[in-house]
Every structure is written in structure tokens, then in C-alpha cells.
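Data block below; observations after.
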Amino acid sequence: MNMIKKLTLVALLAVVMPAQAAIQSLQFNGLVDSGYYNGTSYQGLFSFDDAGLLSSGTELINLSSLNFKFGSSLFDLGTPALSSATAVFQDGVFTGIEWSVNSNSPAIGFSFIAGSDDASDAYFAYDTTLGLSGAGSLTYAAAVPEPTQSGLMLLGLGVIGWIATRRQS
């Protein structure tokens with residue numbers, strides 16, 4: 001097999017075969033649809049390492065990062081929380097994140113609640129110190145890759161192509 005065929009096969013295998021475990025980054029957003037904060041949007045980004053995922057039963061994986069914006073307030077894993085921030089899986093299917101926080105600024109407690117079978121029924125709920133409560137929708141999506149990651153991948157493919165054409169001549 002000549003060098004170009006070998007390099008093409010390696011490149012195809014790298015693209016087609018999924019990695020066994022990696023840092024996963026997801027973004028989320030939603031809109032409060034009831035209560036005092038009705039109409040307030042929220043969004044965030046989180047990541048976790050799925051290396052320990054067994055794809056059997058209910059599994060909780062601690063988040064390695066989390067940034068969340070609710071209205072004009074910012075929260076992250078450093079925010080005093082009532083529970084650890086985890087990604088929840090049911091038989092290998094991502095169902096959402098679980099995280100509960102009691103915040104003094106604003107005076108609000110909120111929770112992210114994972115879905116039961118998948119992330120489509122995950123939701124956000126809040127409760128204020130004044131007894132005002134409500135809930136909102138929650139949508140998850142794969143995070144957009146950083147431009148440097150895409151650039152490095154394209155650079156690597158370019159180098160492979162350059163080596164292949166150089167060896168052929």
C-alpha cells in the first residue's frame with residue numbers, strides 16, 4: 001500500500017471512529033416562563049470528563065467547569081451551592097445537569113433539574129427569599145469548538161497532505 005493510501009486510511013479512521021472518552025463541553029439556555037422572573041433569560045456553559053461513564057443505570061459525573069448567567073448575575077462552580085454540580089446520565093444518555101444554589105445577590109435559590117429519560121424534560125426552577133417561585137425551559141446543545149481547535153485540525157491535515165505529496169514525488 002503506498003504512503004498516500006496509508007495516510008488517507010489513518011485520517012479516515014481518526015474521523016470516523018469516536019474517541020472513547022474526552023472532555024465534553026455543552027452549552028445551555030432557557031427562559032423563565034412563570035413567576036416573578038417571567039421572561040428572564042439564562043444561559044451558560046459547562047464541561048465534564050466522561051472517561052468513567054459506564055452507560056448502565058443512573059450515573060452522575062462531576063462538572064469540571066460551569067459558568068451561568070441569570071439576568072445580570074453571574075454564577076460558577078465557586079458560588080456557594082447546596083449540591084455539587086453533576087452531569088446526569090441514564091443508561092448512557094445525557095439527561096441534564098443537577099445543581100442547586102442559594103444566592104444572596106440576588107436573593108434567590110435556583111436549581112437545574114435533569115430529565116428522566118433524556119434532556120428534553122430537564123428544567124430550571126427558582127425560589128426567592130420573598131416566597132416568589134417559578135420555573136423555566138432548559139435546552140442543551142454541543143458547545144461551538146474554539147477556532148484554535150479547528151485551525152489546529154486543518155493545519156494537521158495540511159501537513160499530512162504535504163508529506164504525502166512530497167513522498168510521492
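Count the net charge of all other residues whose Cβ sits under 14 Å from the Cβ of THR139, scoring Lys and Arg as +1 and Asp and Glu as -1.
Once all neighbours under 14 Å are counted, the net charge is -3.
Keeping all protein chains in place and using 1.4 angstrom, which order do LEU82, LEU63 fall into by accessible surface area, from largest down? Provide the component values of the computation, followed by the final result.
Numbers: LEU82 125, LEU63 15 Å².
Sorted by accessible area, descending: LEU82, LEU63.
How long is the gain from SER47 to LYS69 if the chain were fully straight, where each residue apart is worth 0.36 nm and the alpha carbon distance is subtracted? Could you put the intermediate results ahead of the total?
Working: separation 22, 0.36 × 22 = 7.92 nm, distance 1.57 nm.
In short, 6.4 nm is gained.
Under the 0.36 nm per residue contour assumption, what length would be gained going from the current alpha-carbon distance of LEU54 and SER83 to full extension? It would help to have the intermediate numbers written out before the result.
On the way: separation 29, 0.36 × 29 = 10.44 nm, distance 2.28 nm.
Length gained between LEU54 and SER83: 8.2 nm.
The values are calculated or read from the model by the stated rules, or taken from the named source; none is laboratory data. Please read these numbers as outputs of a predicted model, since none were measured by experiment. Neighbour counts are summed over all protein chains in view; Cβ atoms, including those assigned to glycine, are modelled from backbone coordinates with ideal geometry. Ligands, DNA and RNA are stripped out before the accessible areas are found, and what is left, the full protein with its side chains, is counted by its heavy atoms. Shrake-Rupley method; radii C 1.70, N 1.55, O 1.52, S 1.80 Å.
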